[in-house]
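Right, one structure below, let's go through it.
The values are calculated or read from the model by the stated rules, or taken from the named source; none is laboratory data. The shown structure was predicted, so the numbers you read here are calculated from the model rather than taken from an experiment. Every residue, glycine as well, gets a Cβ built from its backbone with ideal geometry; the counts of neighbours run over all protein chains shown. Keep in mind that these areas ignore ligands, DNA and RNA; they rest on the heavy atoms of the full protein, side chains included. Shrake-Rupley method; radii C 1.70, N 1.55, O 1.52, S 1.80 Å.
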Amino acid sequence: MRSTLKLAALAATLPVALFASRAEAVPCPTDLPVLLLVQDKSGSMDEVPCTGCPTKWDSSMTAVTNMTTKFSNRFDFGLEFYPADSNSCSYGTIVGNVPITPQDVHDQYSWEYPGGSTPTAVALGNAKTYLQSLHLAVNAYVLLITDGMPNCNSSLDPATCAWTSSSCVGPNSCYAESCLDDAATRSAAAALKAAGYPVYVVGFGDNSFFSNKAVLDGIAGSGGTAQSYVATDEASLTTALDTIGAHIANCCVNVCVQGTQQCGANNATIRCVFDSAQGCTAWTTSACPPKTVCTSGSCVACSDQCAAGAYRCSGSNSEKCVVGAGGCLVWEKYQTCGYGEICQGGSCVSCSGCSSGDSKCLNATTEQTCEWNLFTGCTEWAQDTCARGSVCTGNACARCDTVCAAGTRGCSGNVPVECKADAYGCTTWSQEAACSTFCSGGACGVCGTSCTAGAKECHATKLATCGKDVNNCPVWNESDCAAGQYCSAGACVACPAGCTPGSKQCAGNQIMECKQQASGCYALTPGATCAADQICKSGSCITPCKDDCAQGEAKCSGEVPYACVTAPTGCTVWQPGTACVAPKACAEGACREKCSGGEIETCSEGYLCKALPNGHLCVPVKTAADAGSGSNTGRDGGGGLILDDPPDAGKKPDGGGGSGTDDPGAMVGGCGCSAGAAASPLALLAPLLFAGWASRRRTRR
């Protein structure tokens, strides 16, 4: 949004009364006072204030540069532009820190271009913040140069506000940023004054739109300088700036060496002289006479550089031939080409020569692509050579080697073909002479097999049938026989009765296993042979066993009875039984009843009490048949019962006066007498007594 300041011509009404009491300048005791120039660079500054005049921006550059040159020994200058860029309401920015030289002032103006709205209140606030950051020990002042009414306050009400743009014709016809922001701007000026920084205001333009002068007077009044100054062209702007500078300058410094001279703006010579009124050296400016120009501080005759009204390009600028300093025709910058523009034929024109991203073919191998330059905003054609294997067709490089791979051979019917690449790497099929036989793999060939169509034969386990291939050559076609068949004499026949796959059996001492044969049928096949100390049984090699005992034998191991039985291996082994539990104990391979071992027997019928290592136990009475079978039972010569061990066996009798003996045969009825001795009366009674004892023993239960 561009804000246009149109001030009434008021150059002759400068506030002279303000200067009546100003004292003459004297040398500054320390540093120079600071004058911060706040320059409006809104879009309307690119307009001309009068017919044939330079733009307000160029006039400001000249007037401000002259002021900083003229008062360089009176102030340390600083420079702020606002808005910061071409955005409508961006904040102001300090582009020249204190102190800035006149040349730097001129350069800063040259580098900038007007654009945007007029955020004056924010710019003045930035000026206050900046000056306070310097922590100055000298006086400081703010000089505002603007051509537009202040705006950019989004908090204002569009329905009730006064507008700063002629395009806003009624309530809500524009955004709030287009409303007149005079109250906030006056507050910002008052804040500067309160901080010790008086605000001077210069309006550059005319007064045909709204009451601009009254608004600017309000800003100046709030800033402590009573009223604003008016300028309608470059000359009146220079007068206003010089008047303000002369008013507030109260001390000076020597800025040059007396007698030095140089060239200044507007074709003037500048000489360094001693100003007795100021008490310091100062630059004085003198205009060169017509048809002369200032060169190295002196006026010399000039000559025309161009024809009046001509235009030319100088870099990114358009230049116009105008009457310059001294009255001679010179080239002067007419227009600076903006972003996305270039200078052609002396005018700024769009540099978008194409649409970004478009492409076209320059020739068969070169593609042109429209590229956008981020820095200049211009688009231009950039050339790229197509990669090998590509050609430019249809406005872009496209692969041309996708038909085939160079060097590949093949057949097109009966004709050999080869893939060949041209100078661009593009591939095509090239035909050779047709074959008299057939084409295979890109070459003419001959049949490699000879057989009669339909003939059959066996190829290992497969049935082969003679047929034709794609080249009409004889060829054996192989196929597998069905399950349970094998190939024999050119036919699939049933397998003979076989065996169960994986089963095993013995053939002597060798293991036979059922496996598939080369014919595909299953048959017993010799496998491993058992070792010398093994035998084959049920298809496995095993080691033969040995008998541990005689069938039917019995024994005891501690209190556990063992019986001799036949194991699954066919050999006899000792098999343990259930351990005997008291009062029973193990004897002769079984759990036996205990007995007293006294004169009166306690065993059941058929059992005798026998003294054993684990006590007296009832054991079976063995018969003569048992003895004849190899038992250890003694005989009584009459076929009667025989005791394994008489109750008192092993004891030596001590009665009857006879001598003791270990020979049970020498004892009769238990008496200790010799068989050859004469029988005593007691000895004769012994058999009868024994027979009675034995009879009683047998009848006990």
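The length gained on full extension between SER314 and ASP157, counted as 0.36 nm times the residue separation minus their Cα-Cα distance, comes to 51.8 nm. Can you compute the FRET efficiency between VAL581 and ASP548 using 1/(1 + (r/R0)^6), with r the Cβ-Cβ distance and R0 = 25 Å? Round to the nearest 0.05. Calculated transfer efficiency: 0.40. Normalised by the number of residues in the stretch 541-621, the average gap of Cα pairs under 8 Å and 6 or more apart makes the relative contact order 21 percent.
Residues of the stretch 497-517 with an amide N closer than 18 Å to a point placed 7 Å from the Cα of LYS537 along the Cα-to-Cβ direction: 504-512. Calculated on C-alpha atoms, the gyration radius of the stretch 284-391 divided by its Kirkwood radius gives an Rg/Rh of 1.30.
Once C-alpha pairs closer than 8 Å and six or more residues apart are averaged by separation and normalised to the residue number of the stretch 61-162, the relative contact order reads 26 percent.
Shown for the stretch 343-452: the carbon plus sulfur share of the solvent-accessible area, taken with all protein chains present and a 1.4 angstrom probe, equals 49%. Accessible area per residue for the stretch 189-315 is 43 Å², calculated with a 1.4 Å probe on protein heavy atoms, without ligands, DNA or RNA.
Normalised per residue, the accessible area of the stretch 417-538 is 61 Å², obtained with a 1.4 Å probe and no contribution from ligands, DNA or RNA. Amide hydrogen proximity for CYS580: with H placed 1.01 Å from N in the peptide plane, the residues at 5 or more positions away or on another chain lying under 5 Å are VAL560. Report in % the part of the accessible area of the stretch 85-217 that belongs to carbon and sulfur, leaving out ligands and nucleic acids; probe 1.4 Å. So the carbon and sulfur contribution to the accessible surface is 51 percent. Note on THR285: accessible area approximately 100 square angstrom, rounded to 10, probe 1.4 Å, nucleic acids and ligands left out. When each of the peptides 601-608, 568-575 is scored by how many other beta carbons lie within 10 Å of its residues on average, the order from highest to lowest is 601-608, 568-575. Relative contact order, whole percent, for the stretch 460-560 stands at 18, derived from Cα pairs under 8 Å and 6 or more residues apart.
Between THR51 and VAL323, the contour length at 0.36 nm per residue exceeds the Cα-Cα span by 96.3 nm. For a straight C-alpha distance cut-off of 29 angstrom, the lysines reachable from LYS462 (same-chain residues fewer than eight places away being disregarded) are LYS504, LYS515. THR461 sits among other residues whose Cβ lies under 10 Å from its own Cβ, and their net charge, with Lys and Arg +1 and Asp and Glu -1, is -1. Placing unit charges on the Cβ atoms only, positive for Lys and Arg and negative for Asp and Glu, gives the stretch 194-312 a dipole magnitude near 240 debye about its Cα centre.
Taking the inverse of the mean 1/r over every pair of distinct Cα atoms in the stretch 502-557 gives a Kirkwood hydrodynamic radius of 13.7 Å. Legend: residue pairs LYS128/LYS193; LYS41/LYS193; LYS291/LYS320; LYS56/LYS128; LYS555/LYS594; LYS70/LYS193, Cα-Cα distance threshold 21 Å; pairs beyond threshold, LYS41/LYS193; LYS56/LYS128; LYS70/LYS193.
The alpha carbon centroids of the stretch 211-226 and the stretch 334-372 are separated by 49 Å.
At an R0 of 22 angstrom, the distance between the Cβ atoms of VAL273 and ASN139 translates into a FRET efficiency of 0.25.
Between SER488 and CYS571, the contour length at 0.36 nm per residue exceeds the alpha carbon distance by 24.8 nm. With the charge dipole of the stretch 462-522 set up from +1 on Lys and Arg Cβ and -1 on Asp and Glu Cβ about the Cα centre, the Cα lying farthest toward the positive end among the listed residues SER503, SER479, VAL493 is that of SER503.
Working from label points 7 Å from Cα in the Cα-to-Cβ sense, the GLN335 to GLN305 distance is 2.0 nm.
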